[in-house]
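Shown next, in structure tokens, is the structure this report addresses.
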Amino acid sequence: MSDHPTDFQGDVLAAIREAIGGKIPGARVEVAGGSGHYTIGVTSAAFAGKSMLESQRLVYAAITHLMSGNQPPVHAVDRLTTRAE
């Protein structure tokens, strides 16, 4: 991992968990990483009947604001896994 400059103040891991939980209520979210690179795992009933791509789009939509701007706190999601409950 490389060092990724950001002007974000706060806990990025918590911000990712909160953003996903806010858009996908009841989701179990696991996040690891740092320096702009993160691994995310999400389990939710909201993914039932959806393709992997549809499920991943829901997650990315939830964290888009953390990946936008000049120095976003999330530079890359190195691995994203989604599972239906």
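Using only helices, what value at 222 nm comes out for the chain when you add -39,500 (n - 2.57) per DSSP H run of length 4 or more and divide by the total residues, to the nearest 500 deg cm²/dmol? List each step's numbers first, then the result.
Working: 2 runs with 24 residues, N = 85.
My calculation for the chain gives -9000 deg cm²/dmol from helical runs alone.
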Completion exercise
Rounded to the nearest Å, the spacing of the alpha-carbon centers of segment 66-85 and segment 1-36 is 7 Å
Practice task
Take the chain, connect every pair of alpha-carbon atoms lying under 10 Å apart with a spring to form a Gaussian network, then pick out the residue of E18, E54, E30 with the largest mean-square fluctuation.
Solution key: E54
Handout entry: Cα-based helix-to-principal-axis angle, 52-63 vs the chain, degrees rounded to 10
Key = 40 degrees
Problem - In Å, descending, principal axis extents of the Cα set of the chain - result: 38, 21, 19
Practice task
May I ask you to give the percent of accessible area on the chain that is carbon plus sulfur, with a probe radius of 1.4 Å?
Solution key: 50 percent
Fill in the blank from the handout: Per residue, accessible area of segment 1-84 with a 1.4 Å probe, heavy atoms of protein chains only, in Å², comes to 58 Å²
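The values are calculated or read from the model by the stated rules, or taken from the named source; none is laboratory data. Because the structure is a prediction, the values reported are computed rather than measured. Just so you know, the surface numbers come from the protein's heavy atoms only, side chains and all, with ligands and any DNA or RNA stripped out. Shrake-Rupley method; radii C 1.70, N 1.55, O 1.52, S 1.80 Å.
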